Amino acid sequence: LQSTYTWARGFLWQELNLLQRAKTDHAVAISLALQSHAGDSLPRLQADFAISQLRLGNLEVGHELQFALTRAVNHRMEIHATRCLEGLAELALAKGEPHQALAYAEQLWELAETYDLREILARALRWRGEALLTLEQFETAATALHQALEMAELYGRIRLVWQIHAVLARLYRAQKQEEKASEHEGQVQKI
């Protein structure tokens, strides 16, 4: 129970972009889970710890994310596998590997669709759109991002809505559509 509370607090810090606090809480949650032999939560804890490190600038977390993903898949913990795939997509984009990010986004989509994880479908579309933007496939990226935005708004995922508006602003700026870019930047400022 203590590891779950500590993880949840760490996840909240992560969502608020207080990454050092998130990293600390996730490290403690992993330690508590190992001490209490609560291995069923380890893939998610490890993925969140790695994502916090990634957002702090550590691009060497791929092994940790792959290890967590393998554990989640081997133990049929699909919801934890989704977080691992999100982390891997984010890492691939940070490393300038949009094709790899797109592959992870597609795996995330398939997993979410198989288990009817609707919020995760929105997240998969977000990563798909961001990868396609990087690949300069603007029209397809816009379609994915607008679908993601609609779903994120439907499920009340405010941070995801904010992230998607930020990516849409970049997409329209890249296409020299300043009015649309400014509209999405305005939405980012509102949230």
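The values are calculated or read from the model by the stated rules, or taken from the named source; none is laboratory data. Predicted model only: the values in this text are computed from it and were never measured. Reconstructed Cβ throughout: ideal geometry from the backbone, glycine too, with neighbour counts over all protein chains shown. Side chains are part of the model used for accessible areas, which takes the heavy atoms of the whole protein and leaves out ligands, DNA and RNA. Shrake-Rupley method; radii C 1.70, N 1.55, O 1.52, S 1.80 Å.
The calculated 222 nm mean residue ellipticity attributable to helices in the chain amounts to -27000 deg cm²/dmol, summing -39500 (n - 2.57) over DSSP H runs of n ≥ 4 and dividing by all residues.
With a Förster radius of 45 Å applied to the C-beta separation of Thr140 and Gln35, the computed FRET efficiency comes to 0.45. Applying the criteria of a DSSP loop state and at most 10 other Cβ atoms within 10 Å to the trypsin sites (Lys or Arg not before Pro) of region 119-179 yields Lys176. Here region 40-71 is scanned for amide nitrogen atoms under 15 Å from the site 7 Å beyond the Cα of Glu110 along Cα-to-Cβ, giving 70. Any idea how far apart Ile158 and Ile191 come out in nm if each label point goes 7 Å out from Cα toward Cβ? Simple spin-label model gives 1.1 nm for this pair.
Taking the alpha-carbon centroid of each part, what is the distance from region 122-168 to region 19-98 in angstrom? Between the Cα centres of region 122-168 and region 19-98 lies a distance of 22 Å.
Based on protein heavy atoms only, region 1-117 ends up with 50 Å² per residue of surface accessible to a 1.4 Å probe.
Take the alpha-carbon positions of region 99-191, form their convex hull, and give its projected area averaged over all directions (one quarter of the hull surface) in nm².
Values: hull surface 21.4 nm².
Value for region 99-191: 5.4 nm².
Ligands, DNA and RNA aside, Thr114 has an accessible area near 100 Å² when probed at 1.4 Å. If you wrap the tightest convex hull around every Cα atom of the chain and split its volume per residue, you get 112 Å³. When the solvent-accessible area of region 58-144 is split by element, carbon and sulfur atoms take up 49 percent of it, the probe being 1.4 Å. What range in the chain is the longest one free of GluC sites (Glu not before Pro) that are in a loop by DSSP and have at most 15 other Cβ atoms within 10 angstrom? Of all site-free stretches, the longest is 61-135.
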